[in-house]
Amino acid sequence: MNRKLRMGMVGGGIDAFIGSVHRMAAALDGQIELVCGAFSSTAERSKKSGEALGLPADRVYANFEEMIQKEKELPEGQRMDFISIVTPNHMHFGPAKMAMENGFHVVCDKPVTLNLEEAKALKEVIDRTGMLFCLTHNYTGYPMVKEAREMIKSGKLGKIRKVIVEYPQGWLAQLLEASGNKQADWRTDPARSGAAGCMGDIGTHAENLAEYITGLKITELCADLTTFVEGRKLEDDGNVLLRFDNGAKGVLHASQICNGEENDLNIRVYGELGGIQWFQMEPNTLLYKTNEEGTRRIRTGVGNLSEHTKAHIRIPAGHPEAFLEAFANLYRNFAFTLRSRLNGEEPNPIYQDFPGIEEGIRGLAFIDTCIASNNSNEKWTKFVS
């Protein structure tokens, strides 16, 4: 197959931040082209978005049901290959299920569904249909995140003892949802966001990053969740003690009321032999620390990096390489894996490195366990996914 993969999009109209991010990321490597979409909850807004994106009118649909049905009726050489779902959380399950049951692969924004029950039901659909599924936990796409993971996997840090992961933001320090801000409105609405606010929106990123980098699984946690802003329906701050399956201990802090903070996702991991530290706001640097040698800065594109890391570096050292490129790494890996499958070839394991339904289930189980722990008088709550 010597052509671009054809993508349809659900949600992500021209005024939606995350939709444009997905489109840029998908297009970055020249592997994928947007061919159709159902971009909004209303047919008129979907039509306007399609026009602005230069799509033919007959490939812009009023809703995802129409898009999937009409695309399925097109000749194989014209129809979309997969859909990208970039809607609020409550609209993830329906499009993903219908797409896979009609022969289309899926890329979906996180969290994977509105709740854990839907996530497990979606796994059954994936297992039954055999469709390829990618969940865009985009921070796993950074080269230095992959280098940290490879260093831990190779034993450079020794047995992991301590994990500290933080994601502070400040944008919801006031009741922004009452001002007409669309992003704040749906993210603080239980009907569209789910059972959690802050922990669902960014806490799951922190949980996923901790498990991805360390290769460990959280087994128990102790959570303290708070809604600081009066009138808000969901929590906007969370502090969680963690226990991992190898005996390591951890701390996870996520907050959207830390005034002045932007997107300061960062992680520190300490083992018997050394430690690593990575900041999302300076993503091209990984700090490696030991008692004997102090701190060494590992930079994207410089030195003896792992083959896995080098496969996800795009430009020469010293040039900014960040959020969109990390996001694009997920789309590229998904595209390469899907292309191999369509060609009847065995996918390269390096490019099969993208989150899927298991990570989605872990994320929603993390949300449920945090809420259960917060509401319990017990010190520890078992993490069961």
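One table, with the values for the structure above:
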read-out: Residue in the range 78-99 that is over 22 Å from residue 46 (Cβ atoms), over 19 Å from the mean Cα position of the chain (by Cα) and in a loop (DSSP other than H, G, I, E, B) present; value: no
read-out: From the options 91, 80, 67, residue that is surrounded by fewer than 23 Cβ atoms within 10 Å (Cβ to Cβ) and of a type outside the set (D, E, K, R); value: 91
read-out: Those residues of the range 301-343 which are among the basic types (Lys, Arg) and either touching a helix residue (DSSP H, G or I) at 6+ places or on another chain (Cβ under 6 Å) or under 15 Å from residue 285 (Cβ atoms) (or both), in sequence order; value: 314
read-out: Subset tally (residues that are among the aliphatic types (A, V, I, L, M) and more than 24 Å from the chain's Cα centre (by Cα)) for the range 246-273; value: 2
read-out: Pairs where the first residue, in the range 28-41, is under 14 Å from residue 4 (Cβ atoms) and the second is aromatic (Phe, Trp, Tyr), C-beta under 8 Å, 6+ apart; value: 28/331; 29/331; 31/331; 31/336; 32/331; 36/61
read-out: Residue in the range 184-194 that is surrounded by 22 or more Cβ atoms within 10 Å (Cβ to Cβ) and at positive phi present; value: yes
read-out: Failed item in (1) at pLDDT 95 or above; (2) more than 30 Å from residue 160 (Cβ to Cβ); (3) surrounded by 15 or more Cβ atoms within 10 Å (Cβ to Cβ), with residue 244 passing the rest; value: (2)
read-out: Criterion (of a type in the set (Gly, Ala, Ser) and not assigned by TED's automatic domain parsing to the domain that holds residue 249) met by exactly one of 148, 119, 196; value: 119
read-out: Considering residues of the range 94-125 that are within 25 Å of residue 342 (Cβ to Cβ) and charged (D, E, K, R) only, the residue surrounded by the fewest Cβ atoms within 10 Å (Cβ to Cβ); value: 124
read-out: Contacts under 8 angstrom Cβ, first residue in the range 149-162 being on the phi > 0 side of the Ramachandran plot, partner outside any loop (DSSP other than H, G, I, E, B) and surrounded by 15 or more Cβ atoms within 10 Å (Cβ to Cβ), 6 or more apart; value: 158/271
read-out: Any hit, the range 262-271, residues being of a type outside the set (Phe, Trp, Tyr), assigned to a helix (DSSP H, G or I) and in the same structural domain as residue 212 (by TED's automatic domain parsing); value: no
read-out: For residue 328: the one exception among (1) in contact (Cβ under 8 Å) with a residue 12 or more places away in the chain; (2) at positive phi; (3) out of contact with any strand residue (DSSP E or B) (no Cβ under 9 Å at 6 or more places or on another chain); value: (2)
read-out: Residue in the range 299-306 that is farther than 30 Å from residue 239 by Cβ and surrounded by 19 or more Cβ atoms within 10 Å (Cβ to Cβ) present; value: yes
read-out: Count of the range 56-73 residues which are of a type in the set (A, V, I, L, M) and more than 18 Å from residue 95 (Cβ to Cβ); value: 1
read-out: Residue among 225, 242 that is more than 17 Å from residue 266 (Cα to Cα) and touching a Ser or Thr at 6+ places or on another chain (Cβ under 9 Å); value: 225
read-out: Scan of the range 334-363 for residues that are crowded, with 23+ Cβ neighbours inside 10 Å and either modelled with pLDDT under 95 or in a loop (DSSP other than H, G, I, E, B) (or both), ordered by number; value: 354, 355
read-out: Flag for residue 37 being assigned by TED's automatic domain parsing to the domain that holds residue 107, farther than 25 Å from residue 343 by Cβ, buried (at least 17 other Cβ atoms within 10 Å of the Cβ) and out of contact with any helix residue (DSSP H, G or I) (no Cβ under 7 Å at 6 or more places or on another chain); value: no
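Yes/no matrix, rows are residues, columns are (1) in a helix (DSSP H, G or I); (2) assigned by TED's automatic domain parsing to the domain that holds residue 107; (3) within 20 Å of residue 141 (Cβ to Cβ); (4) within 20 Å of the chain's Cα centre (by Cα):
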| site | (1), (2), (3), (4) |
| --- | --- |
| 302 | no, no, yes, no |
| 329 | yes, no, yes, yes |
| 365 | yes, no, no, yes |
| 373 | yes, no, no, no |
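The values are calculated or read from the model by the stated rules, or taken from the named source; none is laboratory data. Only a predicted model underlies this, so the values are computations on that prediction, with no experimental measurement involved. Quick reminder, even Gly has a Cβ in these numbers, built from the backbone with ideal geometry, and neighbours come from all protein chains shown.
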